[in-house]
Structure formats: C-alpha cells, structure tokens
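One structure is given here, and the rest of the page talks about it.
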Amino acid sequence: MILESVQYTEVPGQRDNHAITVYALSTCGFCKRALAFLNDHNFAYRYIYVDQIPLETKNEIKEALKNKFKVNIAFPFAVIDDTKYLVGFIEADWKKELGVN
Amino acid sequence: MNPKTREDTAKFAEMVANKQGWVVNPDTNFTTMLLDGLTTNWNRYGYYLCPCRDSDGSREADAAIICPCKYSFGDIERYGHCYCALYLSKTFAQSGKSPEAIPDRRYEE
C-alpha cells in the first residue's frame, strides 16, 4: 500500500503513545506550525513533504487517504493511530486529539 | 526565467495587499515562511501557487489557487484572512488575533 511504501522522515520524541504521520507541504506556514507543535510537545512522529515527491506518488497518497477517511485532503493532514485524522492546523484540536493539556 | 527572491515576493505581496485594501500578515516569522514558500513555488512552477495548497500539475489546473487565489476575497470577508493567512483584513489585523486553519473552499464547489 502506498502509505507504507513511501519514505517518511522519522522524528524521535519522548511522547510516543500515539502513532502520528503528518502529510505536509514544505512551503506552508500552517504545516510548519503543526510540526513545530509536535516538536515542542516532544511527540515522536513521522512526516513527508508531499510537494517534494513525484506528482503521481503524491496523487496516490491523496487518493489513498481520501478513500481511507472519506474526506478531502488538505495540508497539514495528520493520521493518528491509523484510525483518526486531523486536517489543517488548529492548535486546540491537535491538543485535544493528542491529549495535550 | 530569472529566479525570484524573497524580496521580490514580498514586494508582490505588498502590492496585492495595497490594491485590495488588505494587509500582509504582521507576524513576521510566519509571513517569512509563506514568502519563502511562494518564492519556492514560483521558482518551481513559474507562478505563485498558494504555499498551503498542492499543485495539480499545470498552470491551467492550478489557476484558481494562484496568489491571490480565487477564494481569498470571500475568505478574507468571512474569516478575516485568506487560506494561507498571508493576507488579512484590516479589521482582523487590528484585532490582534492569530489566524488559524480555515476550510479549503476549493472543495466546496
């Protein structure tokens, strides 16, 4: 499956109680804020900048995510524990979903 | 085509904001990321693709999301800022609030 065969950048962190994968654009301010949020709260996660991979691969990823979660894909798009997702960066939503007080 | 610099893109953004009666986001760190993103997109695609949206592969396919995007006018009216938050309404800027992600209306059509 495409979502497991692409190359992610792994970021280590002390907080590893969630499996977090972030699909992001390297050009996007909200994507950068989302990654900074995960760093600031010491989450372990992996991410991929989908604007830096071939268009066909990116489209396959988007299609796979859309089929999996039945939602239009915008960035940042975070998959949490393979079952939930966060789209766009709204700090309160990310805090709530990831259990940050 | 000569590559654009961040300074070129900053001038472009100021010009757009002045023309539309908006302001460029005063959050310098955030805006610098967006200006760098826009500059990257110009140098990558040949046009100012919105830094927070991904390309569909051609200028024609991306026409609605080239800065200032087609949706920025409605988004600024409704939310006080555009999708990537480069441009703010004067009222929003004066409020001191920080922009947060808004729905991509590209998908509402």
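Coordinate-derived values only; no laboratory data. Quick caveat: nothing in here was measured; it's all calculated off a predicted structure. Every residue, glycine as well, gets a Cβ built from its backbone with ideal geometry; the counts of neighbours run over all protein chains shown.
What are the ³J(HN,Hα) couplings of the stretch B:57-74, residue after residue, when phi is run through the Karplus curve with 6.51, -1.76, 1.60 and θ = phi - 60°? Round to Hz, x for glycine and proline.
For the stretch B:57-74, the Karplus-derived couplings read x, 7, 4, 4, 5, 9, 3, 6, 10, 8, 5, x, 5, 4, 8, 4, 4, x Hz, x marking Gly and Pro.
Treat every Asp and Glu Cβ in the stretch B:6-100 as -1 and every Lys and Arg Cβ as +1, leave all other atoms uncharged, and give the resulting dipole magnitude about the Cα centre to the nearest 20 debye.
Working: 10 positive and 12 negative charges, 44 e Å.
Roughly 200 debye for the stretch B:6-100.
Can you give the calculated 222 nm mean residue ellipticity of chain A, where each DSSP H run of n ≥ 4 adds -39,500 (n - 2.57) and the sum is split over every residue, rounded to the nearest 500 deg cm²/dmol? List each step's numbers first, then the result.
Numbers: 4 runs with 39 residues, N = 101.
Calculated from helices alone, the mean residue ellipticity at 222 nm is -11000 deg cm²/dmol.
Working from the pairwise distances between different alpha carbons, so that the mean of 1/r is found and then inverted, what is the stretch A:2-98's Kirkwood radius in Å?
On the way: mean 1/r = 0.0746 Å⁻¹.
For the stretch A:2-98, the Kirkwood estimate is 13.4 Å.
Could you state the number of Å between the C-alpha centres of the stretch B:23-74 and the stretch B:93-109?
15
Magnitude of the Cβ-charge dipole of the protein assembly as shown, K/R +1 and D/E -1, about the Cα centre, nearest 20 debye?
Working: 25 positive and 28 negative charges, 82 e Å.
In total the dipole reaches around 400 debye.
With both bridge residues required to lie in chain A, what share of the DSSP beta bridges run antiparallel, to the nearest 5%?
Details: 11 of 16 bridges.
Approximately 70 percent, going by the DSSP bridge assignments.
In straight Cα distance, which lysines are under 23 Å from A:Lys84, not counting same-chain residues fewer than 8 positions off?
A:Lys32, A:Lys58, A:Lys62, A:Lys66, A:Lys68, A:Lys70, A:Lys95, A:Lys96
Exactly which trypsin sites (Lys or Arg not before Pro) in the stretch A:3-81 are in a DSSP loop and have at most 13 other Cβ atoms within 10 Å? Working shown, then result.
Details: sites: A:Arg15, A:Lys32, A:Arg33, A:Arg46, A:Lys58, A:Lys62, A:Lys66, A:Lys68, A:Lys70; in loops: A:Lys70.
Taking the stretch A:3-81 and a limit of 13 other Cβ atoms within 10 Å, the loop trypsin sites (Lys or Arg not before Pro) found are A:Lys70.
So what is log10(I(q)/I(0)) for the protein assembly as shown at q = 0.07, 0.11 1/Å, when the Debye sum runs over its Cα atoms only?
After summing over all Cα pairs, the log10 values are -0.21, -0.52.
In whole Hz, what ³J(HN,Hα) sequence does the stretch B:38-52 give by Karplus (6.51, -1.76, 1.60; θ = phi - 60°), x for Gly and Pro?
Calculated HN-Hα couplings, in order: 4, 4, 4, 5, 4, 6, 8, 10, x, 7, 7, 4, 3, x, 9 Hz.
Among DSSP beta bridges whose residues both lie in the protein assembly as shown, state the antiparallel percentage, nearest 5.
Working: 16 of 21 bridges.
Taking every DSSP beta bridge with both residues in the protein assembly as shown, the antiparallel ones total about 75 percent.
With +1 on each Lys and Arg Cβ and -1 on each Asp and Glu Cβ, how big is the dipole of the stretch A:4-101 about its Cα centre, in debye rounded to the nearest 20? Before the final figure, lay out each step's value.
Working: 12 positive and 13 negative charges, 52 e Å.
That gives a dipole near 260 debye.
How many Cβ atoms of partner chains, on average, are near each residue of B:95-103 if near means within 10 Å of its Cβ?
Working: counts 0, 0, 0, 2, 2, 8, 14, 4, 4.
That average works out to 4.
Please report the Cα spread of the stretch B:6-100 along all three principal axes, rounded to whole Å, starting with the longest.
37, 26, 24
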